[in-house]
Amino acid sequence: MALKPRRNGRFAQHWPRQLRRRTPTGAVRPPRPDLRAERQQLLRKRGIYLLPNAFTTAALFCGFFAIVQAMNMRFEAAAIAIFAAMVLDGMDGRVARMTHTQSAFGEQYDSLSDMVSFGVAPALVIYEWALKDIGRWGWLAAFVYCSGAALRLARFNTNIEVVDKRFFQGLPSPAAAALIAGFVWLSIDNRLQLTWHWMPWVAFALTIYAGVTMVSNAPFYSGKALDVKHRVPFGVILLIVVLFVAVSSDPPIVLFGLFILYGLSGYLFWAYRALASRRGSGGDAA
């Protein structure tokens, strides 16, 4: 009497083809331990880390939300959404480094999210709010900003292992987006005393400045040298408290003022280094 081949488990058919083993009678045996380890390694390569990519997805949502709000003429909400995207974008990298969950997928996903949140969204917000009133100069300025953000992100991805970790090469796209969003928020809040006749041209100049500065070679402090896991003096905590109080007292003025200073700091540091190198070369020649 011939015996029918016995199948080992009803889920054996779901095993990958290269991991199946059959006996001479045709029954499926479980994978060998070495093949099981290979399968686990394959899952690690194909899987993605949840926590940092969840922050990136939240930042992407805020950028998309800003675009939708700008289309509905709710510019203050759009500006606040861009600032929220900036906070979430800063958290995903920190979380990935602290939890050792960096991956090539996360880097590419973060760049695509940054292009939407800090490239397309600010350009559309500033165009819909003020730049469309000056015709083709308006959309040209918005395009300069958007293309500057794309070039900035592409250069950052290709030079990530070359440049100094302490400084960014060019203005970071989140800081450039904060300049645009802060200007819109400050103007809508009636804290910027400008007539509407001059407002589109001031927005034009600021948009061009942000777009060109992103692709410049000016060094901007990155803050990556700060390790949140190390101990800090007590005065640093007091400084953080003062910063929170200042931002909460008047968010549009304080945030826009901080990012204006940061947006100028790269050129000031660039000029300082050039002047110091000239003095050093002059002293050597003497």
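The values are calculated or read from the model by the stated rules, or taken from the named source; none is laboratory data. A quick note: this is a predicted structure, and the numbers were derived from the prediction, not measured. Glycine also receives a Cβ, built like all others from the backbone with ideal geometry; neighbour counts cover every protein chain displayed.
A few notes on this one:
- Between Asp110, Asp114, the distinction of being in contact with a Leu (Cβ under 7 Å, 6 or more places away or on another chain) and modelled with pLDDT of 90 or more belongs to Asp114 only.
- Residue match in the stretch 171-181 (condition: modelled with pLDDT under 90 and part of a loop (DSSP other than H, G, I, E, B)): no
- Output for the stretch 91-133, where each listed residue is more than 21 Å from Trp185 (Cα to Cα) and small (Gly, Ala, Ser): Gly93, Ala96, Ser103, Ala104, Gly106, Ser111, Ser113
- Whichever residue in the stretch 53-73 is touching a Gly at 6+ places or on another chain (Cβ under 9 Å) and polar (S, T, N, Q) and, among such residues, is surrounded by the most Cβ atoms within 10 Å (Cβ to Cβ): Thr56
- Taken as a whole, the stretch 134-146 holds at least one residue that is over 17 Å from the mean Cα position of the chain (by Cα) and outside any helix (DSSP H, G or I).
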